[in-house]
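The values are calculated or read from the model by the stated rules, or taken from the named source; none is laboratory data. What you see is a predicted model; the values in this text were computed from it and never measured. A quick note on method: Cβ atoms are made from the backbone with ideal geometry, for glycine too, and the neighbour counts reach across all protein chains shown.
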Amino acid sequence: MDGSSSLARDRCPDGDASQRAGNAPTIATAMERTSNWLLSQQAAEGYWCAELEGDSILQSEFLLLLAWAGREESDIAKRVSKKLHEQQREDGTWAQYPEAKIDISSSVKAYFALKLTGHKPSADYMVKARDAILEAGGADAVNSFTRLYLALLGQIPMEICPAIPPEMILLPNWFPLNIYRMSSWSRTIFIPLAICWALRPVVDRSEEYSIKELFINPPHQWPELRCPGQEKAKGLFTWDRFFRTADSFLKQIEKLRLRPLRSRALKLCEKWVLDRMPKSDGLGAIFPPVLWSIVAFKALGYDDDHEAVQFCWNEIDKLMLHDDENQTTRIQPCKSPVWDTTITLRALAASRHGADEPRMRKAIDWMLSKEVRDQGDWTNNVRCEPGGWYFEFNNEFYPDLDDTAMALMALQEQLAECGVSLEVHPGQSWENTTIVTTSNKVSAEDAVNQALLLDKVSGATKRALAWSAEMQNHDGGWGAFDKNNDAEFLCKVPFADHNAMIDPSWPDLSARVIEAYGLLGVTQHSRGKLGDVVRKAITYIRDNQYEDGSWFGRWGVNYVYGTWQCLVGLTAVGIPTDDEAVRRGAQWLIDTQQQCGAWGETCDSYENPNLKGIGTPTPSQTAWALLGLTAAGHEDSDAVRKGINYLLSTQKEDGTWDEAPYTGTGFPQVFYLRYHYYRIYFPLLALATWAKKTSEMKEGSR
């Protein structure tokens, strides 16, 4: 695949869905099939967790780490190397997602990793890769993180990389530039990188494994680093110019060894990393910081058998998926059990599987065990009792608003399905905000168990509401992990080219938070603090709607995702379906529906908004559009019925759907994700939500 595949609004790769309509199951059968499939996938502990697929950089960066550690000839290196070779496309390149253009950083790292693990540069596929890389700008055009890997293995001087001074950890929180102004994911990678930048633990492999054949110019002539889409700022004073001057100054004083605070800074950085390892799947619970923690610990003098070093290696091992038939191994960026479990519980609740079923109760108990009860980085500018949920198995320092909102909705909907409701009665303060529970079909023998469950759920719900409300940004929206993490000038820092230096408000996430509030009875008309929170959020979401009616999707691809979530969130808190914002959003979804009844959108739409709502149709994106339109009052429209028929006619006999495109977003224009359950639980949620709403309409009209 060369990345130039055509994208059409009316293209259905599986053939015309209408031709299969005669063989389509009834909606009840389809829901039962998918419910049974999901139930068969539940872990013994109660959770669900599917593969989370990234791109080739996960394999290549791990191989670069192994080469740095002298393990490039190990069995695991051979297996990962084979997988990396399989990921190469026909034109010799590697990319961020299947239909994407060449990603120069991914391709350079992949070529280097293959060379390090014994692949001959003269092999046809290596020659093809080299030619494609040179045509795309050569290694000269790689991003800052790729430069750091090249420097770590002696291919370029460390001075070509951006300065990452460990002394930044000494700057107080009130200072405009400090580590807590960065996003959480940037912060967790910055600290171990700062240790490495200071101590330079370079293992020079340039003599035996040079990749100078990928260089167009000498490294000192390589271009300046910038975020994707950003151009060099003009003017006498710009943040771009300021940070580049600072970068040069820091490198100069590094040469002169003028670093009186270095020892103190390194000790604090070391302690910072170690303090965040308990109750986590490694620093930040994601692959890059865990990998660089190994390099940082070794640079600090830790032995290979040190507990901290072994812990990091073990956490990377847990991210591996082994294909013994093909003798390959691939690596996940992290694991997603809380996310997968909450959405699965929502889909199953909509399909009439409630908390009174033992398997659902086990999943709820597992979820409750993952509630955050300790303080994390968010406490640097928020003062309240810990609450909420994180994404992975363990990540106590970093709860996020997305998982917290999904968890609140999963708990509420699971209880509702067995006749129990939770309703928030907002007060002027948290002390007089109460949660009222009612039940209409509990037996005497279940009363005690239910009382214990309700006590746990009510407590977790109140803590999550308080935490999420306190995390609201000044503009009325929410970011994922931090409050008011919106210092845009930081995006001009040279090492900010991963396009995720900050964690500002986003409409999709903000709408999900208020959707959760709405399910708990908090609306635009509610009094007190929670009512004020919702009203501010509504204003933020309205202000961020595009003229064509769509909303941006930060955490899913892309405008289909954002528009779905904003429609659902607004209507959940009492915005009527004839409201102009709701009407315009719904009309945009209708206008982007494909002829076969489906929806699809390519990741390319992040770089080129002209591709909004255009792409290969997918079950997950079709489900999102259907959920948005159903919430907007279009459940009986031709568009929705066509979408429902598409899902029914493309469902497989085992209750699953096929989906190849990536529909999850890590960092726009940088890193994308393929959630392997998105093609399962979102279509089920859409089908069940539509079936329930149309059934209620019919009953109400009798």
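Residue count for the stretch 472-521 satisfying the condition of being without any contact (Cβ under 8 Å) to a residue 24 or more places away in the chain and in contact with a strand residue (DSSP E or B) (Cβ under 9 Å, 6 or more places away or on another chain): 1.
Any residue that is free of Cβ contacts under 8 Å to residues at least 12 places away in the same chain and under 26 Å from F667 (Cβ atoms) - is there at least one of those in the stretch 203-211? Taking every residue of the stretch 203-211 in turn, none turns out to be free of Cβ contacts under 8 Å to residues at least 12 places away in the same chain and under 26 Å from F667 (Cβ atoms). Taken as a whole, the condition of being on the phi > 0 side of the Ramachandran plot, out of contact with any Cys (no Cβ under 6 Å at 6 or more places or on another chain), modelled with pLDDT of 95 or more and not assigned by TED's automatic domain parsing to the domain that holds Q414 does not apply to Q310. Check off (1) charged (D, E, K, R); (2) over 24 Å from the mean Cα position of the chain (by Cα); (3) part of a helix (DSSP H, G or I) for E547 and give me the number that stays unchecked. Going through the list (1) charged (D, E, K, R); (2) over 24 Å from the mean Cα position of the chain (by Cα); (3) part of a helix (DSSP H, G or I), E547 breaks only (3).
In the stretch 261-334, counting only helices (runs of 4 or more DSSP H) that sit wholly within it, the ones holding 3 or more residues that are over 28 Å from the mean Cα position of the chain (by Cα) span 262-275. Exactly one residue out of P288, P278, P337 is of a type outside the set (K, R), touching a residue at least 24 places away in the same chain (Cβ under 8 Å), more than 26 Å from K83 (Cα to Cα) and touching an Asp or Glu at 6+ places or on another chain (Cβ under 9 Å), and it is P278.
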